[in-house]
Amino acid sequence: MRRQRKSLWSGWGSSVLVAVLAGALCIGAGAVLTAAIVYFVMKDMTMIRAFAGVSLAAGAYIAAYICGKYRRRKGLVCGTVCGALLYAVINALAVIILGEWAGIKKLLLLTAFGAAGGVAGVNSKRPKNLRDQ
């Protein structure tokens, strides 16, 4: 008899952890890309905060979208938790590297875009490779 293996997305903790990891990778890639654009193309540091905000928002949206798309329920909660966990990671890195806390604006930005991504992920088309949970 064949044993049924549980899906990675059936557990709350594992699905949020994988989604936050994907969002963190997206934030890192966005930060590198925008830093390269600022350094090589613009040669002016005035827009660096806007570019950082865009990469943070995109990372939170993608993390929550992935979590919502594969969990298929509670997109608003899942997205908000993904945004808050991304803020915790960014805050921990800021304390370690800079020695100061990240601002509250980052928390609001990450949770708002995380909630929007979670809702969009739940309402998106169901993935073909998703096993029934």
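The values are calculated or read from the model by the stated rules, or taken from the named source; none is laboratory data. Keep in mind that what you see is a predicted model, and the values were worked out from it rather than measured. Here the Cβ positions follow ideal geometry from the backbone for every residue, glycine too, while neighbour counts run over all protein chains shown. Surface accessibility is based on the protein's heavy atoms, side chains included, excluding ligands, DNA and RNA. Shrake-Rupley method; radii C 1.70, N 1.55, O 1.52, S 1.80 Å.
Along the Cα→Cβ direction, 7 angstrom out, place labels at Leu21 and Lys74. What is the inter-label distance in nm?
That separation, rounded to one decimal, is 2.1 nm.
Restricting the calculation to Cα positions, tell me the Rg (one decimal) and the Dmax (whole number) of region 1-125 in Å.
16.1, 65
Straight-line reach from Lys125: which lysines have a Cα under 16 Å away, not including same-chain ones fewer than 8 places off?
Answer for Lys125, where 16 Å is the Cα cut-off: Lys69, Lys74, listed by chain and number.
State in Å² the accessible area per residue of region 19-91; use a 1.4 Å probe, count heavy atoms of protein chains only, and round to the nearest integer.
53
To the nearest 10 degrees, how steeply does helix 104-122 sit against the main Cα axis of the chain, on a 0 to 90 scale?
So the inclination is approximately 30 degrees.
If you roll a 1.4 angstrom probe over the protein chains with everything in place, what fraction of the accessible area of region 6-133 belongs to carbon and sulfur, to the nearest %?
Its accessible area is 72 percent carbon and sulfur atoms.
Can you tell me which of Ala60, Ala115, Ala36 moves the most in a GNM of the chain? Springs connect C-alpha atoms under 10 Å apart.
The residue with the greatest mean-square fluctuation here is Ala36.
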